[in-house]
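Peer 1: Let me give you the structure first, and then I'll get to my questions.
The values are calculated or read from the model by the stated rules, or taken from the named source; none is laboratory data. Keep in mind it's a predicted model, so treat the numbers as computed, not measured. Backbone-built Cβ (ideal geometry, glycine too); neighbour counts: all protein chains shown. For the accessible areas, the whole protein counts, side chains as well, though only heavy atoms, and no ligand, DNA or RNA atoms are used. Shrake-Rupley method; radii C 1.70, N 1.55, O 1.52, S 1.80 Å.
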Amino acid sequence: MTENFQNYIGGKWVDSASGETFADINPADTGDIVGNFQASTAEDARAAIAAAETARAEWRAVSAPKRGEILARAARIIEADTGRIAEELTREEGKTLVEAKGETARAVQIFDYFAGEGRRLCGETTPSEYGRTFLYTIREPLGTVGLITPWNFPVAIPAWKLAPALVSGNTVVMKPASNAPKTSLNIVMALESAGLPAGVLNFVTGSGHTVGREITGNPAVKGVSFTGSDTVGCGIYSQVTGHGGKAQCEMGGKNPVIVLEDANLDKAVNMSINGAMWSTGQKCTATSRAIVHKDVVAEFTAKVVAAAAAIRVGNGLDANTQVGPSIDETQMNIVLNYIETGKGEGAELLTGGSRLSEPPFDKGFFVEPTIFGGVTPGMKIAQEEIFGPMLAIIAIDDFEQAMAVANDTRFGLSAAICTRDITRAMEFVDRIDAGLVHVNSPTVGAEVQVPFGGMKDSSTGTREQGRVAVDFYTQIKTVYLEY
Ligand code: UN1
């Protein structure tokens, strides 16, 4: 019997008004249903927003350090339950258990970090032009905020939106991606057990067209933080800002790794495989272009192709697996279509390129780790976000051309360079259009204590994570106090 999971509204677990549910399916084994979730309506979303509005005054009155203490308690609950949370994450999302445990540990760090922010939710004092005037700022919550989260990091991303939103004193309506709602529900339950008052966090599952649209269109929602595709993100941005709300959207990437002729090639290969293949390439920070100096491109290519061909694909629950499935059939078909596009554009398929459909892969959405060589910067596979285990190798003549090619995309999330030359490394840092810059480390990863976000079409709004995360979730009040 598949278990049914409910929405969480005003501190109560409730069914959707629709009376309908949808299945949360294991992408490695479609016979495994993780649970049924509420196919919620706009009415359910409105009830969640109303509950958040009701709880607003009470939550705002709780001191920020006390709000932080609840986050710290949630961190301990999640930490103690890591094994189960990670296993459910792997079942619904497909990434390996090692990655799922790592991501859950990251969520714990996020809650701990923002628990501390409760004691540092500082304003500024400033000298006034006038005598006997105390001039200072304080941070206040926005009110009710909406969080729309993706399936690819179903524990870390809800955590890195929830923790700063809550510690800043906002009430929340959260809609998780329908492909991975169970992990988010586990976080909601941890916060409930940690003592979060009723109505402060409301959780509504369902489609973007119904639930998402009500959250983004409802003027009671003063801020929306979204991570997902850029098409959806741009729509959300205009909807939310259209009624005067704040919007923060983290969207796509087409992240390059530049490999210069002096690079340690084994390191360059590790950076590329890690960035392109782990988590099935389903990260907005994934490496999708290797921009390699002509003197080393043959050797780099031979090594990276051998490494990709040796990757063990399979069910993430199997300890041997290194790369799991695509999240669903649609996403798998997008990846397979890009493989056909790459071939059609004249790129050279060097390894992979096919769906794995024989047993034991027949019940999942598995694609072989795929590498194309001979890619030119204008090709679609060098321009569009693919979100699959795929790397395009582009040969370049010199550092100047590498920079031009690296920046020749509408995205600007993350970028890496592999070199031993400190001058060119620093030149790269200066000139790359990316919000996250890596020297001799892969394009992926995000430490909680530093800002995360991109340039160009990758992000809008202020950065997530780090101390600046609270900028999005707070508004500033300036006080002139004459005595
Ligand atoms: C990471 O690289 O570990 O949706 C984090 C994403 C990003 C998070 C990436 N917002 O893939």
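Peer 1: Using only the Cα atoms of the chain, what semi-axes does the equivalent ellipsoid have when each is the square root of 5 times a gyration tensor eigenvalue? Give whole Å, largest first.
Peer 2: 38, 29, 19
Peer 1: Going by the alpha-carbon gyration tensor, a ≥ b ≥ c the square roots of its eigenvalues, is segment 255-447 rounded (a/c under 1.5) or, if a/c is not under 1.5, prolate (a/b greater than b/c) versus oblate?
Peer 2: prolate
Peer 1: Here's a follow-up. For labels at Tyr483 and Gln383 in the simple 7 Å Cα→Cβ model, what's the distance in nm?
Peer 2: About 6.3 nm separates the two model spin labels.
Peer 1: Right, another one. Skip the ligands, DNA and RNA, and give the accessible area per residue of the chain with a 1.4 Å probe, whole Å².
Peer 2: With the other protein chains kept in place, the chain gives 38 Å² per residue.
Peer 1: For every other residue with a beta carbon closer than 15 angstrom to the beta carbon of Arg60, add +1 if it is Lys or Arg and -1 if Asp or Glu, then tell me the sum.
Peer 2: That sum, taken over residues with Cβ under 15 Å, equals +3.
Peer 1: Sticking with this one: Given Cβ point charges of +1 (Lys, Arg) and -1 (Asp, Glu) and nothing else, what value in debye, to the nearest 20, does the dipole of segment 255-447 about its Cα centre take?
Peer 2: 300 debye
Peer 1: Tell me the carbon and sulfur percent of the accessible area for the chain, rounded to whole percent, probe radius 1.4 Å.
Peer 2: That fraction is 52 percent.
Peer 1: Just tell me, in residue order, which DSSP H segments of the chain are both 15 angstrom or longer along the helix axis (alpha-carbon based) and at least 1.0 in mean Kyte-Doolittle hydropathy.
Peer 2: Length and hydropathy pass: 156-167, 297-309.
Peer 1: Over segment 255-447, what is the relative contact order in percent, taking alpha-carbon pairs closer than 8 angstrom and at least six residues apart?
Peer 2: Relative CO of segment 255-447 lands at 31 percent.
Peer 1: Determine which lysines satisfy two conditions relative to Lys222: a Cα distance under 18 Å, and not lying fewer than 8 residues away in the same chain.
Peer 2: Lys161, Lys175, Lys246, Lys477
Peer 1: Here's something else I'd like to know. Would you rank Trp151, Trp59, Trp13 by solvent-accessible area, highest first, keeping every protein chain in place and using a 1.4 Å probe?
Peer 2: Trp13, Trp151, Trp59
Peer 1: How do the peptides 408-421, 305-318, 130-143 rank, highest first, by the average count of neighbouring beta carbon atoms within 10 Å per residue?
Peer 2: 408-421, 305-318, 130-143
Peer 1: Tally Lys/Arg at +1 and Asp/Glu at -1 over every other residue whose Cβ is under 11 Å from the Cβ of Gly143; what's the total?
Peer 2: Charge balance near Gly143 sits at +2.
Peer 1: Using a simple charge model, +1 on the beta-carbon of Lys and Arg, -1 on the beta-carbon of Asp and Glu, nothing else, what dipole does the chain show about its Cα centre, in debye to the nearest 20?
Peer 2: 1320 debye
Peer 1: Based on the mean of other Cβ atoms within 10 Å per residue, sort peptides 239-250, 87-98 so the most packed one is first.
Peer 2: Those peptides, ordered most packed to least, come out 87-98, 239-250.
Peer 1: How big is the dipole moment of segment 349-483 about its Cα centre under a simple scheme where the beta carbon of each Lys and Arg is +1, that of each Asp and Glu is -1, and everything else is neutral? Debye, nearest 20, please.
Peer 2: Once rounded to the nearest 20, the dipole reads 280 debye.
Peer 1: A further question on this structure: Reachable lysines from Lys343, Cα under 29 Å, same-chain residues fewer than 8 places away excluded?
Peer 2: Hits, sequence-local ones excluded: Lys95, Lys254, Lys267, Lys283, Lys294, Lys303, Lys363, Lys380, Lys456.
Peer 1: So which aspartates and glutamates can Lys66 reach, going by Cα to Cα under 18 Å and dropping same-chain residues fewer than 8 places off?
Peer 2: Result set, ordered by chain and number: Glu58, Asp112, Glu117, Glu140, Glu192.
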